[in-house]
Amino acid sequence: MLCMEVPVTDMQHVNGGYFLLQVHSPAQAALVRPGHFFMLGMQHADFSADPLLNRPISVLDCTPDDHTAPAAIHFLIKEAGRGTRLLSRLRAGDNLLCHGPLGTTFPEPSPECRLILVGGGVGIAPLYFCARRWSATHDMALFYGGRSVTDLPLQGLLPQTGLREVILLTEDGSAGRRGLVTEPLPEYLASNPGAKVYSCGPNAMMEAVARITAHVDAQLWVSMENRMGCGLGACLGCVLPVIEGDKTAMVRICKEGPVFRGEQIDWKIRY
Ligand SMILES: Cc1cc2nc3c(=O)[nH]c(=O)nc-3n(C[C@H](O)[C@H](O)[C@H](O)COP(=O)(O)OP(=O)(O)OC[C@H]3O[C@@H](n4cnc5c(N)ncnc54)[C@H](O)[C@@H]3O)c2cc1C
Ligand code: FES
């Protein structure tokens, strides 16, 4: 884990309040795996310290240094409040404080494993990274959903993942099939026994995925996007109970997570 001030190399605003931010950081890019996140620092043009805390953001993609292009780490961010609004004002040439890579990662699947990704909102970022890393070597499918087409900011970038099977769903039918992203899952999983499912997005969506995988032959991993203070395991601001066997253990989402086995999460708790 490294804490570095690195140059912003690209910034693109997408629809729906989302933006794609790219930084150049060869040392950190060499360490990044799907599921990792960074704590990103704010620019304080007015020399104030508000907001004080850095913000946790998942890695969308990472390209190491090679002879075709310099190392880049990519993020997909949605404007939610003051911190992300300040990040949205960054421009190529600005510097950004990047602390990471942090947290646990999605397990690298074995070659014979069928991998099914289920995501929505900003939760699509780590799943996109899984697809970029493993679609050439693994049998994979992506279920990507949102309320409407503006909630699918990565739709245009999906061909770059090399995924052969992408199932888009929107609640209003403005892109892909009409419905919730979880609706086709029971039938799909029943015809793909033994699959691994990686999910990230709103808790209600991941809870629905967990309910479905509990009744079929599938293993689920989820990435939790709870609020964080330090992101480094020090402040205990992200501590939550998770199920470990027949006990409940208090864990730091930023250190022992954010990626957990689906059955570790007690969805009755409002995470
Ligand atoms: C491991 C991890 C990975 C993440 N990855 C991404 C990512 O790739 N892209 C991205 O855009 N966001 C991501 N997030 C969420 C992001 O960190 C928050 O949206 C951000 O911290 C909000 O900061 P803010 O100052 O803009 O908003 P604030 O002013 O702090 O809050 C604005 C509103 O958003 C709500 N909010 C703030 N943080 C969260 C949260 N974590 N979950 C739900 N609601 C929240 C607040 O309650 C409030 O209503 C991730 C979070 C975690 C923990
Ligand atoms: S955010 Fe500080 S311990 Fe997890």
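The values are calculated or read from the model by the stated rules, or taken from the named source; none is laboratory data. Worth saying up front: this structure is predicted, and the values here are computed from it rather than measured. Note that we place each Cβ from the backbone using ideal geometry, even for glycine, and neighbour counts take in every protein chain shown.
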Q. Using beta carbons and a limit of 6 Å, which pairs, at least six apart or on different chains, have the first residue in segment 90-104 and in contact (Cβ under 8 Å) with a residue 12 or more places away in the chain and within 16 Å of ligand 1 (Cβ to nearest atom) and the second one part of a strand (DSSP E or B) and of a type in the set (Asp, Glu)?
A. Leu97/Glu5
Q) Can we say Glu165 is away from ligand 2 (no atom under 16 Å from the Cβ), under 27 Å from Asp61 (Cα atoms) and touching a residue at least 12 places away in the same chain (Cβ under 8 Å)? A) yes
Q. Among all residue pairs at least 6 apart or on different chains, which show Cβ distances below 7 Å where the first residue, located in segment 110-124, is not assigned by TED's automatic domain parsing to the domain that holds Ser135 and the second is of a type in the set (A, V, I, L, M) and assigned to a loop (DSSP other than H, G, I, E, B)?
A. none
Q: Filter segment 105-156 for residues that are in a strand (DSSP E or B), out of contact with any Cys (no Cβ under 9 Å at 6 or more places or on another chain) and under 18 Å from Ala204 (Cβ atoms) and give the result.
A: Phe143, Tyr144, Gly145, Gly146
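Which is touching a His at 6+ places or on another chain (Cβ under 9 Å) and either away from ligand 2 (no atom under 16 Å from the Cβ) or more than 14 Å from Gly119 (Cβ to Cβ) (or both), of Gly245, Gly231? Don't jump to the end; show me each part of the working.
Numbers: Gly245 fails: touching a His at 6+ places or on another chain (Cβ under 9 Å).
Criteria check complete, one pass: Gly231.
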Q: Run Gly201 past the list (1) on the phi < 0 side of the Ramachandran plot; (2) within 16 Å of ligand 1 (Cβ to nearest atom); (3) crowded, with 17+ Cβ neighbours inside 10 Å; (4) of a type outside the set (Asp, Glu) and report the number of the one that doesn't hold.
A: (1)
Q: Please give the number of the condition Asn15 fails out of (1) closer than 19 Å to Gly119 by Cβ; (2) touching a Cys at 6+ places or on another chain (Cβ under 6 Å).
A: (2)
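Filter segment 238-271 for residues that are basic (Lys, Arg) and farther than 13 Å from Glu225 by Cα; which is farthest from ligand 1 (Cβ to nearest atom)?
Of everything passing the filter in segment 238-271, Lys247 is farthest from ligand 1 (Cβ to nearest atom).
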